Every structure is written in C-alpha cells, then in structure tokens.
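As structure tokens, the structure follows; a few thoughts come after it.
The values are calculated or read from the model by the stated rules, or taken from the named source; none is laboratory data. Treat the numbers as computed from the prediction; the structure is a model and nothing was measured. Ideal geometry is used to build each Cβ from the backbone, glycine not excepted, and the neighbour counts take in all protein chains shown.
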Amino acid sequence: MKDKKFTISGVTDRAEIMETRFLNVDLDLRAGGDLRVLVHALAPTLFLINRAEGLLTFELGEEMDSAERVMRAMVAAVRALPAPARALWDGCARRTMNVGVQAGGGPRRWATGVSTDVLTALAEIGAELVFTVYGADEG
C-alpha cells in the first residue's frame, strides 16, 4: 500500500508532493486610499484574490509554467494601464512580485532564474521581486 497523506491542494499521493516546484506569482500592492480604478483597469488580466487594510493581492488569470512568464504578463498589464490607473500604481508604497515555491523532498537542488530583461522590466514599473518558499510537509 502506498504511503498517503493529505495536502491543501487535494493531492494525496506522497510521490506527487515530493518534488520542489514553482507555484505562482502574486502581485502585492501596498497603498492607502481608494484603488478601485486600478483594480478595474487590471481586471482583464489580473484577478484580485485578497483585499486587506492597505494591501491588495492579485494573480494572473491564466496558469503558466514559469515565474518569468507570469511576471512578463503582469508587467504587460501594468504597462497597458490608462494614465489615471498608472498614477495610482505609481503612488503605491510598495509593488511586489512575490514568487511562490513549494519545497519538497527532491530534487536535492532546485533553481529558478529571472532574466535581466524581466528584472529591468520590474525596475521600470517600480516593482520589487520577492521569493516565498513554503516548507515541505513532513506530516
């Protein structure tokens, strides 16, 4: 019998959850004031997944296999903003592309990179880059 365990994603086969993998990129915006115009302008491409005091979190509307591809799509959405929405973007205290990685039991080494093109694009729109690594589930 296979060793089974429960995970939030619904995957129960231990072999399926052992690999370290890219999850997604969240776009976190920290700002005060009314950002409804910005939320609406990003809506065709990005979905608002969390709204808390002073924090908005978005995800891309489609699943992609790499952080780089997701960030390119997010940068394109920001570059396409109309002037009033772009002014709100520029006025945010922080604009963070947060790359999520799920750690697993293997491989022993796992690496991902971000090209200088994407790093330059992030700098041009005033966004910072953060990596969040979620620990392997040992239970």
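Quick rundown of the values:
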quantity: Verdict on Ala77 being of a type outside the set (Ser, Thr, Tyr) and touching a Leu at 6+ places or on another chain (Cβ under 7 Å); calculated: yes
quantity: Matching residues in region 29-57 - criterion: being crowded, with 19+ Cβ neighbours inside 10 Å and in contact with a Ser or Thr (Cβ under 9 Å, 6 or more places away or on another chain); calculated: Leu29
quantity: Subset of region 32-62 [part of a loop (DSSP other than H, G, I, E, B) and under 23 Å from Thr120 (Cα atoms)]; calculated: Thr45
quantity: Selection count, region 82-120, where residues are touching a Leu at 6+ places or on another chain (Cβ under 8 Å) and either of a type in the set (A, V, I, L, M) or loosely packed, with under 10 Cβ neighbours inside 10 Å (or both); calculated: 7
quantity: Those residues of region 121-139 which are more than 30 Å from Ala87 (Cβ to Cβ), surrounded by 10 or more Cβ atoms within 10 Å (Cβ to Cβ) and out of contact with any helix residue (DSSP H, G or I) (no Cβ under 9 Å at 6 or more places or on another chain), in sequence order; calculated: Val133, Tyr134
quantity: Enumeration of residues in region 89-111 that are among the aliphatic types (A, V, I, L, M) and modelled with pLDDT of 95 or more; calculated: Ala93, Met97
quantity: Residue ID - modelled with the highest pLDDT, chosen from residues in region 9-30 that are in a loop (DSSP other than H, G, I, E, B) and either of a type in the set (Asp, Glu) or under 18 Å from the mean Cα position of the chain (by Cα) (or both); calculated: Thr20
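Per-residue answers, yes or no, for (1) under 20 Å from Glu62 (Cβ atoms); (2) part of a helix (DSSP H, G or I); (3) within 14 Å of the chain's Cα centre (by Cα); (4) not aliphatic (A, V, I, L, M):
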position: Arg72; (1), (2), (3), (4): yes, yes, yes, yes
position: Val75; (1), (2), (3), (4): yes, yes, yes, no
position: Trp89; (1), (2), (3), (4): no, yes, no, yes
position: Thr96; (1), (2), (3), (4): no, no, yes, yes
position: Val99; (1), (2), (3), (4): yes, no, yes, no
position: Ala111; (1), (2), (3), (4): no, no, no, no
position: Val114; (1), (2), (3), (4): yes, no, yes, no
position: Gly126; (1), (2), (3), (4): no, no, no, yes
